[in-house]
Amino acid sequence: MFSYIIRRLLMLIPVLVGMTLITFSIVHLIPGNPAQVILGETATQTAIEDLEESMGLNEPYVVQYGLYVKDLLQGDLGTSLRSKADISTEIWPYIAATFELTFFAMIFAIFIGVNAGIISAWKQNSWFDFLAMLFALIGVSMPVFWLALMEQWIFAQELGWFPAYGREDSRDPIAPITYFYVLDSLIHLDFARTVTVLKHLVLPSIALGTIPMAIIARMTRSSMLEVMKSDYIRTVRAKGSGQFLVIYKHALKNATIPVLTVIGLQTGVLLGGAILTETIFSWPGIGRYVFEAINYRDYPVIQSGILVIAFIFVLINLVVDVLYKIIDPRINY
Amino acid sequence: MKLDEKKPVEAEQQIANPAKADSQIDTEEIEAISPWKDSLKQLRKNRFALVGLIIILFFIILGIVAPLLTSYTYEEQDLVNRLQPPSSEHWMGTDDLGRDIFTRVAYGARVSLQVGFFAVTGALVFGTLLGIIAGYFGRWVDMIISRIFDILLAFPSILLAIAIVAILGASLQNALIAIAIINIPIFGRLVRSKVISLREEEYIMAARAQGMKNGRIILHHILPNSIAPIIVQSTLGFGTAILEAAALGFLGLGAQPPTPEWGQMLASSREFIQLAPWTLIMPGLSIMLVVLGFNLIGDGLRDALDPKMKN
């Protein structure tokens, strides 16, 4: 087990190096002079030279890349051109906002997806199965941004059940501690605020969680159907266990592995989908942070934002691979 | 394990229904059925795939005959009649510049299907090429190509597309290039694993023993045998590519106005969600239906081409 984790970590090194190479080249692949592009056409010659100096753009590429990696290893993600702030300190509230959103989206996706998949497999070919799989098919094909807009229209505007924008009531901002607002409001023992924060989470979580939910439902159904045919399930049945126990205790455990892979992969998809969801719901997460940086040509933020998201994605896949091994020791690499 | 389980079942069926089993042997089994014909037969029986095919054909025809169906053009502005609800003159209403939404949705089918086609073709060609090179020649070539795939796949795909567009500049063409690039490793890995499993087959060794050149072995033996998963992935990839292009268009990183691209249409109508929600319904619904269509066909093809699914 331990040696497996070590091996898996070593395999990460080339991927991490490659990732930094890609984010490093973002600035250098812009056609034309990067400093000129960043500052716009009206920039003076001295301003361009100053920026080139401060970003180290005059050094040879190898030296620049070396400095870039050295800074990264020291936890320095660069300085935002727009806010002039240190990105590594500025970025945390955005990461927390995205984590909170993806967490709730994933809870929604797993809870509904796994249960719909189980019931579909249990009552195979029933009307529930048919409807659930039809919804799953539509869910897989859903453009997240359109779903989000429709939600805003129906549930925020027409029905007024949930707020359409932001993380909290902007007239009454929270005093952040961890920047996970649900957690913060609980620490403050301000439960009315918890409700407000949760209400703000509903629409974006559903929009973001729909595609993973659909994929998880389909995956759960097919792997449950396979497991239910196996010998050990027949044995459990022969012992006289009730249907509920057979499904939720014995079958689900063995059907978890493919489902877990999907959950791991989908978390990455969620991080990507977060950019769209966050833009629509004005959610101050890392996706919107990067997206706004593109509009302002804030290249250091684009580089570091993309690197951080990709890094999180790689870490999640690592955790999933290790969990795999814990759940099913039969797997050998 | 699985094969063993299957055999007794088939045997049981034959015992239970000898007449039927006999007649099957008489007619069907003697007549040689090519695997492709067999797959086509399987596919025809799949109702979901048929629905998918109808949806896609509908949008292809809609795109082709768009000029015949409407008397408006997709960029013709009519500022007096802006944000009109659906009526007999404007079937789906008008947008904020008084343009006919039906016309724009119909022309949008052209844009989206073209983007899907070119992005998938690009990814397919380069992905297959790299996959074959990696799988067939192995060793350090495989090492390098596989690591590049790993790195590209380490980014959430839409994020990588955004990064590429941030470098190249926002336009439909650059969005298309970005989408093709992010899909290369998906095809590449698929083809590589298929080639590796084929490489050790006896008929490949036989071909090599006969003195056949690498190029000929790849073209005549390896490629035809890896074509099934490539077809499935291309169909599914078509839908994903359209979705990704729409997402980039929505973020303002893909097609630029006045191109009638569905994602871009949603973005420009967004602020009128209160005043004129109909401006948002059809473009989004079209994206969903086209993607659904390709997913249905893709799933159907996978079932039809996978020998394990046949029974």
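The values are calculated or read from the model by the stated rules, or taken from the named source; none is laboratory data. All values derive from a computational prediction rather than experimental measurement. Here the Cβ positions follow ideal geometry from the backbone for every residue, glycine too, while neighbour counts run over all protein chains shown. With ligands, DNA and RNA removed, areas are computed over all heavy atoms of the protein, side chains included. Shrake-Rupley method; radii C 1.70, N 1.55, O 1.52, S 1.80 Å.
Among the residues of the range A:56-70, which ones are open to solvent by 80 Å² or more (accessible area, probe 1.4 Å) and in contact (Cβ under 8 Å) with a residue 24 or more places away in the chain?
Selection gives A:61 alone.
Determine whether residue A:221 is crowded, with 22+ Cβ neighbours inside 10 Å and more than 12 Å from every other protein chain (Cβ to nearest Cβ).
yes
Do you know which residues across the range A:82-106 are outside any helix (DSSP H, G or I), touching a residue at least 40 places away in the same chain (Cβ under 8 Å) and surrounded by fewer than 19 Cβ atoms within 10 Å (Cβ to Cβ)?
The one that is outside any helix (DSSP H, G or I), touching a residue at least 40 places away in the same chain (Cβ under 8 Å) and surrounded by fewer than 19 Cβ atoms within 10 Å (Cβ to Cβ): A:82.
Can you pull out the residues in the range A:131-158 that are open to solvent by 70 Å² or more (accessible area, probe 1.4 Å) and modelled with pLDDT under 90?
A:158
So residue A:22 fits all but one of (1) in contact with a Leu (Cβ under 6 Å, 6 or more places away or on another chain); (2) within 14 Å of another protein chain (Cβ to nearest Cβ); what number is the exception?
(1)
Consider residue B:67 carefully, then state whether it is modelled with pLDDT of 80 or more, in a helix (DSSP H, G or I), more than 14 Å from every other protein chain (Cβ to nearest Cβ) and over 30 Å from residue B:157 (Cα atoms). Explain how you work it out, then say what you get.
Values: modelled with pLDDT of 80 or more: yes; in a helix (DSSP H, G or I): yes; more than 14 Å from every other protein chain (Cβ to nearest Cβ): yes; over 30 Å from residue B:157 (Cα atoms): yes.
For residue B:67, the condition - modelled with pLDDT of 80 or more, in a helix (DSSP H, G or I), more than 14 Å from every other protein chain (Cβ to nearest Cβ) and over 30 Å from residue B:157 (Cα atoms) - is met.
When you scan the range B:40-52, do you find a residue that is open to solvent by 50 Å² or more (accessible area, probe 1.4 Å), β-branched (Val, Ile, Thr) and modelled with pLDDT of 75 or more, even just one?
Yes; the residues of the range B:40-52 include at least one that is open to solvent by 50 Å² or more (accessible area, probe 1.4 Å), β-branched (Val, Ile, Thr) and modelled with pLDDT of 75 or more.
Go through (1) within 22 Å of residue A:112 (Cα to Cα); (2) more than 14 Å from chain B (Cβ to nearest Cβ); (3) out of contact with any His (no Cβ under 8 Å at 6 or more places or on another chain) and name the single condition residue A:173 misses.
Every condition holds for residue A:173 apart from (1).
Any idea which of A:101, A:81 is modelled with pLDDT of 90 or more and within 27 Å of the chain's Cα centre (by Cα)?
A:101
Search the range B:274-298 for residues being open to solvent by 10 Å² or more (accessible area, probe 1.4 Å) and in a loop (DSSP other than H, G, I, E, B), and hand back the single one that is farthest from the other protein chains (Cβ to nearest Cβ).
B:275
I need a count of the residues in the range A:25-46 that are among the β-branched types (Val, Ile, Thr) and at the interface with chain B (Cβ under 10 Å from one of its Cβ atoms).
The number of residues fulfilling the criteria is 4.
Would you check which residues across the range A:278-290 are crowded, with 23+ Cβ neighbours inside 10 Å and either away from chain B (no Cβ under 11 Å) or over 11 Å from the mean Cα position of the chain (by Cα) (or both) and list them? Full working, then the answer.
Keep residues of the range A:278-290 that are crowded, with 23+ Cβ neighbours inside 10 Å, which gives A:278, A:280-281, A:283, A:285-290.
If the condition is that a residue be crowded, with 23+ Cβ neighbours inside 10 Å and either away from chain B (no Cβ under 11 Å) or over 11 Å from the mean Cα position of the chain (by Cα) (or both), then A:278, A:280, A:281, A:283, A:285, A:288, A:289, A:290 are the ones that fit.
Looking at (1) facing chain B (nearest Cβ under 9 Å); (2) assigned to a helix (DSSP H, G or I), which is the one condition that is false for residue A:156?
(1)
Which of the following residues is over 30 Å from residue A:9 (Cβ atoms), among the β-branched types (Val, Ile, Thr) and open to solvent by 20 Å² or more (accessible area, probe 1.4 Å): A:326, A:316, A:257, A:294?
A:294
Give the residue, chosen from B:150, B:142, that is part of a helix (DSSP H, G or I), within 12 Å of chain A (Cβ to nearest Cβ) and of a type in the set (D, E, K, R).
Going through B:150, B:142 in turn, the sole match is B:150.
Within the range B:132-186, which residues are touching a Gly at 6+ places or on another chain (Cβ under 6 Å) and without any contact (Cβ under 8 Å) to a residue 40 or more places away in the chain?
The answer is B:151, B:156, B:159.
Need the failing condition index for residue B:132 against (1) open to solvent by less than 20 Å² (accessible area, probe 1.4 Å); (2) within 25 Å of residue B:225 (Cα to Cα); (3) within 13 Å of chain A (Cβ to nearest Cβ), just the number.
Of everything listed in (1) open to solvent by less than 20 Å² (accessible area, probe 1.4 Å); (2) within 25 Å of residue B:225 (Cα to Cα); (3) within 13 Å of chain A (Cβ to nearest Cβ), residue B:132 misses just condition (3).
Considering only the range A:127-146, I want to know if a residue exists there that is touching a Pro at 6+ places or on another chain (Cβ under 9 Å), of a type outside the set (Lys, Arg) and more than 14 Å from chain B (Cβ to nearest Cβ).
Within the range A:127-146, not a single residue is touching a Pro at 6+ places or on another chain (Cβ under 9 Å), of a type outside the set (Lys, Arg) and more than 14 Å from chain B (Cβ to nearest Cβ).
Could you identify the single residue in B:122, B:108, B:116 that is open to solvent by less than 50 Å² (accessible area, probe 1.4 Å), in contact with a helix residue (DSSP H, G or I) (Cβ under 9 Å, 6 or more places away or on another chain) and more than 14 Å from chain A (Cβ to nearest Cβ)?
B:122
Being within 15 Å of residue A:83 (Cβ to Cβ) and more than 10 Å from chain B (Cβ to nearest Cβ) is the filter here, so list the residues in the range A:291-325 that pass it.
A:292, A:296, A:298, A:300, A:301, A:304
With more than 14 Å from chain B (Cβ to nearest Cβ), closer than 21 Å to residue A:302 by Cβ and open to solvent by 50 Å² or more (accessible area, probe 1.4 Å) as the only criterion, which of A:53, A:49 stands out? Lay out the reasoning, then the answer.
Working: A:49 fails: closer than 21 Å to residue A:302 by Cβ.
Sole residue among the options that is more than 14 Å from chain B (Cβ to nearest Cβ), closer than 21 Å to residue A:302 by Cβ and open to solvent by 50 Å² or more (accessible area, probe 1.4 Å): A:53.
Which members of the range A:26-46 meet the condition of being in a helix (DSSP H, G or I) and either touching a helix residue (DSSP H, G or I) at 6+ places or on another chain (Cβ under 8 Å) or open to solvent by 50 Å² or more (accessible area, probe 1.4 Å) (or both)?
Narrowing the range A:26-46 to residues in a helix (DSSP H, G or I): A:26-29, A:34-39, A:45-46.
Listed by number, the residues that qualify are A:26, A:27, A:28, A:29, A:34, A:35, A:36, A:38, A:39, A:45, A:46.
Is it the case, given these coordinates, that residue A:128 is open to solvent by 20 Å² or more (accessible area, probe 1.4 Å), among the aromatic types (Phe, Trp, Tyr) and more than 30 Å from residue A:222 (Cα to Cα)?
On the way: open to solvent by 20 Å² or more (accessible area, probe 1.4 Å): yes; among the aromatic types (Phe, Trp, Tyr): yes; more than 30 Å from residue A:222 (Cα to Cα): no.
Against the criterion (open to solvent by 20 Å² or more (accessible area, probe 1.4 Å), among the aromatic types (Phe, Trp, Tyr) and more than 30 Å from residue A:222 (Cα to Cα)), residue A:128 does not qualify.
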